[in-house]
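The structure appears right after this line, and notes come after that.
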Amino acid sequence: MISLADTGLFSAEQLKVLSRLKVKDLRDLFYYLPRKYIDRSQKLDLRNSRAGDMVTVVGKIMHAEMKYAGRRRFTIKIEANGFIIYATFFNAGAYMQKQLLVGKEIACWGKLEVFRGRMSFMHPEWELISDEVTSPQHSGRIVPIYKITEAMRNAYLTVRSLREKIETCLTNYERRITDYIPQTNLQNLGLLGITEALHKVHFPQTMAETEEARRRMAFDELVLFSVLNEEKKLAIRQIDKKFRIVSHPDLKKELEDLISGLPFELTGDQQRAIGTLLKNSAATHPVNHLLMGDVGSGKTLVALILALVYMRHNLQVAYLAPTEILARQHYQTFLNILPKGSFEGVELLIGKDAAKDKRGKLERLSRGESLLAIGTHALIQDEVNFANLALIIIDEQHRFGVEQREKLRSKGETPDLLSMTATPIPRTLTLAYYGDLEPIYLREKPKNRLKIDTRVFQESELERIYKAVRKYVTQGRQVYIIYPVIDESENSDMASLMSEFSVLEKEVFPDLRLGLLHGRLSGDEKDRAMQKFKDGLIQVLVATTVVEVGIDVPNANVIVIRHPDRFGLSQLHQLRGRVGRGKHQSFCILVAPDRMTAEGEARLNAMVRTEDGFELAQVDFELRGAGEMTGLRQSGASEFHVADLRVHGPLLESAVEFLHQHPEVQRQFAGMKNIRQTLEKGLVLFGN
């Protein structure tokens, strides 16, 4: 690899500064991508521009003034192509005053506004232009702008000088760049060659060229990411599993008898999921599945039937639930579906077990007498040991950190893993964030499940909504009322749980039994509130999103959600799933503020339009991106540098397919621990 020192273009101080930024050779330099671009190919004509337009101005500073009226306000007056425009910077420092001097040539880019009756920029992006305004790197074209640190400036490495050095290096060394993608594949994929992409990402002729170039680099990044996932899969396939499920006629018949004895009919998706899980359980290596089920699709039943099969083989299962009340519900569900007299060894492990009871449970598990442990974080404690743990089931897997999951896995030698989530994830994100897990989908709802009637109301209609709530409670039903925040804030006009609960309790529903549930309550207090609601002792539960994943309360048929525009779509869908679990028609009432953002309005329209959690997850992804979606922040996947999955998502499947077609590429980048390290190994390969 050619070091930056070998080019002779950088001083010793500049090399030192760049090295700290991990820019040490030409490959690193070429991948130091522009953070944005300024289009200097167009001259500003104010006659054809209006407030709100994004424009570029290249001109001379005619006047500069700092005012101290309440806060610092630095304003410059620019003459550009015969027109006058002002740029204003609030709280500007001394550095800006020293740089933006009268007589200097400047390029500004930003939104055109009218400020105090004058055409203005407010805090525009800017760059000074030297006397060499005719230099092809800096004017009359779309110009790249790079991130420049204070240390770089101190080493006399400016945006301008860095731009010049990158262009010189591209010109001098482009013939030595080789591409790991064959020309035929480039054509089939509709991608630029790497040399062309590097030129276009740094020095495009049009903004469309920058998108072409970044598409190619996004593909490279997704290939590297897929390499990591394939490495994980390969490593797992090379492990010999200690305990296997071996299918035999008796097992099949027992399973059929169990399913036929259920008080309801399994959906087609549930039957297919069970079949896939059982088939894969016979593998010679540990298998990892991600079971994604829409709200009410029956994930728990699939998991418990799978657990029963392992137990038939005298193998132990650990079922991890995020809350004590949910663990209790799963425990009871399992006892209900378990053939009478089949197993005695089903344990419930929770934090507040009495010492004597807990000791007995732990001893039975360690000796292998109990085959199923259902519990909360108590399952992860060091004192919990298993004799032959073969399957781990994690409910609402995004509620647990990677370390917690791995600690539970370490209690067995080579256990299979079934992670479950009721928050559907678009296929693109599943590949990107959970590429080492095999996804299984549950989309179907039970046939007897009624559609939830979802409606949007305004805050001004609250009185009407409360009348409806009273009507349903009078009929014997129960109601949730959900708030986005616990306490009032002077920076927000949102209704808060604590202030509203007092009003609801004393003025709106003084004759009804209200309960309170929020995140500041202790675990025991939360469990007691939910249990009282389930038992019918609470008629109206006033809560925050802590009920998003909760127990089944078939008698609750109304959920009122205040300020629904403040929630993500997946979260709204989960909240809506708290109702619709009984025989009565259910309602989801979204109480929206009079004014909403376009994005907030789009989310509510989607909620009214469909109950399909997978469709809503896709809409949520397109509106908010991957980073805000539930469960993905702590998935362990690194941030992408170039790839935006909303734009480049289809490229991910192409990247996976390309790797399968070209195992030599997989070998070329093998051994990397994470995507950042893999990127440092690089994609631009130089010939000898």
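The values are calculated or read from the model by the stated rules, or taken from the named source; none is laboratory data. None of the values given here were measured: they were computed from a predicted structure. Neighbour counts are summed over all protein chains in view; Cβ atoms, including those assigned to glycine, are modelled from backbone coordinates with ideal geometry.
You will find that of Thr149, Thr88, the residue that is exposed (fewer than 15 other Cβ atoms within 10 Å of the Cβ) and modelled with pLDDT of 80 or more is Thr149 and no other. Residue under question is Asp594, and the condition is that it be part of a loop (DSSP other than H, G, I, E, B) and surrounded by fewer than 17 Cβ atoms within 10 Å (Cβ to Cβ); does it hold? When the stated conditions are applied, Asp594 passes them. Listed here are the strands (runs of 3 or more DSSP E) enclosed by the range 66-133 that have at least 1 residues being within 23 Å of Lys147 (Cβ to Cβ) and either aromatic (Phe, Trp, Tyr) or out of contact with any Asp or Glu (no Cβ under 9 Å at 6 or more places or on another chain) (or both): 71-80, 83-90, 105-111, 118-122, 125-129.
Close Cβ contacts (under 7 Å, 6 or more residues apart or on different chains) running from residues in the range 471-488 that are farther than 18 Å from Leu516 by Cα to residues that are modelled with pLDDT of 90 or more comprise Tyr472/Val479; Tyr472/Asn557; Tyr472/Val558. Pairing residues of the range 555-570 that are outside the structural domain of Ala592 (by TED's automatic domain parsing) and surrounded by fewer than 22 Cβ atoms within 10 Å (Cβ to Cβ) with residues that are in a strand (DSSP E or B) and modelled with pLDDT under 90, at Cβ distances under 9 Å and at least 6 apart in sequence or on separate chains, gives no pairs at all. Condition test on Asp487, is it outside any helix (DSSP H, G or I), under 21 Å from Gly296 (Cβ atoms) and charged (D, E, K, R)? No.
Among the residues of the range 571-586, is any at pLDDT 80 or above, farther than 25 Å from Met420 by Cβ and buried (at least 16 other Cβ atoms within 10 Å of the Cβ)? Scanning the range 571-586 turns up at least one residue that is at pLDDT 80 or above, farther than 25 Å from Met420 by Cβ and buried (at least 16 other Cβ atoms within 10 Å of the Cβ). For the structure I just gave you, tell me whether Met498 is within 31 Å of the chain's Cα centre (by Cα) and assigned to a helix (DSSP H, G or I). In short, yes. Would you please name the residue that is farthest from the chain's Cα centre (by Cα), looking only at residues in the range 522-533 that are surrounded by 15 or more Cβ atoms within 10 Å (Cβ to Cβ) and without any contact (Cβ under 8 Å) to a residue 24 or more places away in the chain? The selected residue is Lys532. With (1) β-branched (Val, Ile, Thr); (2) touching a residue at least 24 places away in the same chain (Cβ under 8 Å); (3) surrounded by 15 or more Cβ atoms within 10 Å (Cβ to Cβ); (4) closer than 29 Å to Phe10 by Cβ as the list, and Thr195 as the residue in question, which single condition is left unmet? So Thr195 meets the others, but not (2).
Filtered by the rule that a residue be assigned to a loop (DSSP other than H, G, I, E, B), hydroxyl-bearing (Ser, Thr, Tyr) and under 21 Å from Ile325 (Cα atoms), the range 410-432 gives a lone residue, Thr423.
Looking only at the range 496-544, residues that are at pLDDT 85 or above, touching a Phe, Trp or Tyr at 6+ places or on another chain (Cβ under 7 Å) and under 22 Å from Gln574 (Cβ atoms) come to 9 in all. Residues in the range 156-180 that are assigned to a loop (DSSP other than H, G, I, E, B) and at pLDDT 90 or above: none.
Restricting the range 439-484 to residues that are acidic (Asp, Glu), part of a helix (DSSP H, G or I) and in contact with a strand residue (DSSP E or B) (Cβ under 9 Å, 6 or more places away or on another chain), the residue that is modelled with the highest pLDDT is Glu461.
When the range 26-51 is filtered for residues that are among the hydroxyl-bearing types (Ser, Thr, Tyr) and at pLDDT 75 or above, the ones remaining, listed by number, are Tyr31, Tyr32, Tyr37, Ser49.
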